[in-house]
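Heads up, the thing below is written out as C-alpha cells.
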Amino acid sequence: MRLLLIALVAALALLYVTLGLRFGYVTLTPTWLLNANGQNRYVMEVYDEGQRVGYRGRCEVQSGRAVVRLLAPDGRQLVGRTCQKVGDRGEWTLHLVGGGQPGRYQLVVDLDAYTGLLDLSETRE
C-alpha cells in the first residue's frame, strides 16, 4: 500500500512539472489549473448562416498566463484575450463571440505555467 501511495505521489509530481494539474473541463465546469502548460482545443459546430457563437466567462490568475482565442472555420482569429496578472489585478471577464458563416469554430487555450481558474460557458446568439 505504501508503494502504491509513493507511486501516486511521484506520478502527480511528474504531471505537475510537465503538463500541470487540471481539475475540471474548461467548457463544462469551472476548472482549476496548477502550473498548466500546453494547448487545448474545443470545437463548436455551426450549421446556420448568420449564427453567432462563442464563449463567455472569467479567468482568475494567480500566476502564469493563459491566451484564449476563438478561431473561425477558415482559421482566422475572430477574438482573443490574454489572462495574466497585471499588478494587483488577476481577474478578467471573457467574452469571445463571433460567427456569421457555417462551419467548425475552435476555442484555443494556450497555457504557460498558468495557475488559477478558467470558467467558460458556450453561448449561441
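Suppose we filter L111, L78 for residues that are outside any loop (DSSP other than H, G, I, E, B), at pLDDT 90 or above and under 11 Å from the mean Cα position of the chain (by Cα); which single one remains?
Numbers: L78 fails: under 11 Å from the mean Cα position of the chain (by Cα).
Testing whether each residue is outside any loop (DSSP other than H, G, I, E, B), at pLDDT 90 or above and under 11 Å from the mean Cα position of the chain (by Cα) leaves just L111.
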(request) Please specify each residue of the range 90-108 satisfying the condition of being assigned to a strand (DSSP E or B) and open to solvent by less than 60 Å² (accessible area, probe 1.4 Å). (result) W92, L94, L96, V97, G98, G99, G103, Y105, Q106, L107, V108
(request) Please state which of the following conditions N37 fails to meet, knowing it meets all the rest: (1) open to solvent by 60 Å² or more (accessible area, probe 1.4 Å); (2) modelled with pLDDT of 90 or more; (3) more than 30 Å from Q101 (Cα to Cα). (result) (1)
(message) What pairs come out if I take residues in the range 96-125 that are touching a residue at least 12 places away in the same chain (Cβ under 8 Å) and pair them with residues that are surrounded by 14 or more Cβ atoms within 10 Å (Cβ to Cβ) and of a type in the set (D, E) whose C-beta lies under 6 Å away, six or more apart or interchain?
(response) G116/E60; L117/E60
(request) Being closer than 16 Å to E122 by Cα and touching an Asp or Glu at 6+ places or on another chain (Cβ under 7 Å) is the filter; apply it to the range 41-78 and report the residue that is most open to solvent (accessible area, probe 1.4 Å). (result) R52
(request) Could you grab me the full set of residues in the range 81-108 that are under 15 Å from the mean Cα position of the chain (by Cα) and among the charged types (D, E, K, R)? (result) R81, E91
(request) All but one of (1) at pLDDT below 70; (2) of a type outside the set (A, V, I, L, M); (3) open to solvent by less than 50 Å² (accessible area, probe 1.4 Å) hold for T18, so report the exception by its number. (result) (3)
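Among the residues of the range 69-96, which ones are of a type in the set (G, A, S) and in contact with a Lys or Arg (Cβ under 7 Å, 6 or more places away or on another chain)? Write out each step before concluding.
Initial filter on the range 69-96 (of a type in the set (G, A, S)): 72, 75, 80, 87, 90.
Answer for the range 69-96, where residues must be of a type in the set (G, A, S) and in contact with a Lys or Arg (Cβ under 7 Å, 6 or more places away or on another chain): just G80.
The values are calculated or read from the model by the stated rules, or taken from the named source; none is laboratory data. Since we're looking at a predicted model, the values are computed, not measured. So basically every Cβ, Gly included, is an ideal-geometry build from the backbone, and we count neighbours across all protein chains shown. Side chains are part of the model used for accessible areas, which takes the heavy atoms of the whole protein and leaves out ligands, DNA and RNA. Shrake-Rupley method; radii C 1.70, N 1.55, O 1.52, S 1.80 Å.
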